[in-house]
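Trainee: Structure in structure tokens, see below.
The values are calculated or read from the model by the stated rules, or taken from the named source; none is laboratory data. All values reported here derive from a predicted model rather than from experimental measurement. A quick note on method: Cβ atoms are made from the backbone with ideal geometry, for glycine too, and the neighbour counts reach across all protein chains shown.
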Amino acid sequence: MKKHAIRLFFTFILILLGGCTIDQKNEEQQIVNKATETTIQYFKEKENLDVEITKHQFAPKDFQSVWISGHVKDDTNKTFSAAVEYANDYHIGSISTSEGFDLKH
């Protein structure tokens, strides 16, 4: 009986931890989606450019930012990376561009 209770306890803990991991992945995906949308909108409104997003990478947690990388549509030589601060209402903190790709703002 005691072994059965221990197994049940560990099963419950594993299920609980698995659910927490799924919630974190969902939250991260929502952050990436919003940061991607913000980046595309920024380039469209401020730079009058259509861009394609190619990847993302989270900065260390204390920065509360995600790096969104991509290029100008139809010109893969004009690449960029934008740091989107998700803790600051998805503010674009900085943008770095490839050589020869100058921004207006």
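Trainee: Among the residues of segment 43-79, write down those that are part of a strand (DSSP E or B) and acidic (Asp, Glu).
Mentor: Glu52, Asp75
Trainee: Working only within segment 80-90, note down all residues that are part of a strand (DSSP E or B) and in contact (Cβ under 8 Å) with a residue 24 or more places away in the chain.
Mentor: Result: Phe80, Ala82, Ala83, Val84.
Trainee: Taking the conditions exactly as written (loosely packed, with under 14 Cβ neighbours inside 10 Å, at pLDDT 95 or above and in a helix (DSSP H, G or I)), does Lys25 satisfy them or not?
Mentor: no
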